[in-house]
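Data first, discussion second: the structure below is written as structure tokens.
The values are calculated or read from the model by the stated rules, or taken from the named source; none is laboratory data. Everything numeric in this text was worked out from a predicted model, so none of it was measured. When we count neighbours, we look across all protein chains shown, and the Cβ atoms used for this are built from the backbone with ideal geometry, even at glycine. Calculation scope for accessible area: heavy atoms of the full protein, side chains included, ligands and nucleic acids excluded. Shrake-Rupley method; radii C 1.70, N 1.55, O 1.52, S 1.80 Å.
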Amino acid sequence: MNIHEYQAKEILRRNGVAVPHSQVVYSVNEAVDAAKAIMSETGTNAIAVKAQIHAGGRGKGGGVKIAKNIEEVATYAKSILGMTLVTHQTGPAGKLVRKILIEQGIYHSGSSPVKELYMSILLNRATGRNMIIYSTEGGMDIEAVAAKTPHLIFKEEIHPSGIQSFQARRIAFNLGLSGKAFSHMVKFVIALYNAYISNDASLFEINPVVKTSDDCIFAADAKVNIDDNALYRHPELEAYRDIDEEDPTEVEAAESNLNFVKLDGNVGCMVNGAGLAMATMDIIKLSGGDPANFLDVGGTANAKTVAAGFRIILKDPNVKAILINIFGGIVRCDRVAQGVVDAYKEVGNIPVPVIVRLQGTNAKEGKELIDDSGLKVFSAVSLQDAADLVKQMV
């Protein structure tokens, strides 16, 4: 589950990670009031005005501005609220900005130069351990740093028993810190990792981590993903879900207990089981098509779930055919076939050909049901049959 920056910083703050003073607002007047309060509390004259959407690259897209006074806060808040923000992660359609974060400016000048660093935590699937990835070159161009100067990217793998103090010190040393900044970074790293673990996160990305001119360490930005499978343990985090930021078809699929991910292809897939769904996408690709989605209806597919799957897939105007690939293990193929026929009739006008491949328990009976239905549905038994039909249709 993706969450907003302001929500991510609430998590960090609760877990002892240093973040700037900030407040999320929904109007220009609220932005001005929040800025005045933060200026009074912190003594700063600079305020960051930051669009809150589920996408990176906001700064390059014009969604982050630094105001030097209250008048600029009002100006920037007015221009960002309600804008359609386009970044490399939103695609050309962009995302509507419904709220902004008003935040304490931490880039003031002083005796020590301000430094932008990078830090993230995620699972290393090759070793089954979490790792901290960090760099001295934080900021908007971290992707270019990784591509052109990979030697500036460091990694620290963490044992399942937890992060050790010497590892946090090594990170601070590799980041070139000393004195007060060094000790603050050690505390920052330990608190950040413990926050990652205690909240069942799948990703923490802090870009940039800022070393201020007075040698304090702050998470100036925060991207946090929470493991959906662990949300039952964190009802307070589940409340962070923002439906407005999610794909409407994926939201609808979740309401029908379907696992759905939208893709950019031309062949819709409906499958029972995630592994078979991945194999089906390979079949579509090998046949000359492109998968338009990942859709797992689960092991107990029936007319209701199949009908919901049809409706969701058909919302995509790029779909030229639908491939239903079912293995009859837990559920019999003839029941699925009857469910497909009933769902087809319930949904009504399905403007694209539907290919149904059945294998497993009662596959023969299921094929007969499809063939005798009189509907625009084509049956297949083998993977090759299904691939040939897909190639013929698209």
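List of remarks:
- Phe173 accessible area, 1.4 Å probe, all protein chains in place, Å² to nearest 10: 140 Å²
- Using C-alpha pairs below 8 Å separated by at least 6 residues, the relative contact order for region 91-144 is 27 percent.
- Shown in residue order for region 25-41 are the 3J(HN,Hα) couplings computed by the Karplus curve 6.51 cos²θ - 1.76 cosθ + 1.60 at θ = phi - 60°: 9, 10, 8, 5, 4, 5, 5, 5, 4, 5, 4, 4, 5, 5, 4, 5, 6 Hz (x for Gly and Pro).
- Under the Karplus curve 6.51 cos²θ - 1.76 cosθ + 1.60, θ = phi - 60°, whole-Hz ³J(HN,Hα) for region 175-183, x wherever Gly or Pro sits: 7, x, 9, 8, x, 4, 4, 4, 5
- Value of relative contact order over region 337-394, rounded to a whole percent, pairs C-alpha under 8 Å and six or more apart: 37 percent
- The figure for Asp372 is an accessible area of roughly 130 square angstrom, using a 1.4 Å probe on the protein chains alone.
- Average Cα contact separation per residue, region 191-289, under 8 Å, 6 or more apart, as relative contact order %: 15 percent
- Among His151, His108, His4, His54, the sequence by solvent-accessible area, most first, with a 1.4 Å probe is His151, His108, His54, His4.
- With Cα atoms, 0 to 90° folded angle of helix 5-14 axis to the chain main axis: 60 degrees
- Heavy atoms of the protein chains alone define the surface here; on that basis the chain has 47 Å² accessible area per residue at 1.4 Å probe size.
- For region 235-240, backbone phi angles converted through the Karplus equation (6.51, -1.76, 1.60; θ = phi - 60°) give residue-by-residue couplings of x, 5, 7, 4, 5, 6 Hz, Gly and Pro being listed as x.
- R0 of 25 Å, Cβ-Cβ distance Glu365-Leu276: FRET efficiency to nearest 0.05: 0.80
- Helix-only mean residue ellipticity at 222 nm for the chain, each DSSP H run of n ≥ 4 adding -39500 (n - 2.57), per residue, nearest 500: -11000 deg cm²/dmol
- Centre-to-centre separation between the Cα atoms of region 179-220 and those of region 41-65: 19 Å.
- Carbon and sulfur %, accessible surface of the chain computed with the full protein complex present, 1.4 Å: 51 percent
- Option label - Cα Rg over 2.2 N^0.38 Å computed here, alternatives (1) 1.20; (2) 1.01; (3) 1.16: (1)
- Annotation: amide H of Ser373 has no partner in the under-5 Å range at sequence separation 5 or more or interchain, hydrogens built in the peptide plane.
- Prolate/oblate/rounded label for region 1-80 (Cα gyration tensor, a/c 1.5): oblate
- Cα long-axis angle, helix 165-174 against the chain (0 to 90 degrees, to the nearest 10): 80 degrees
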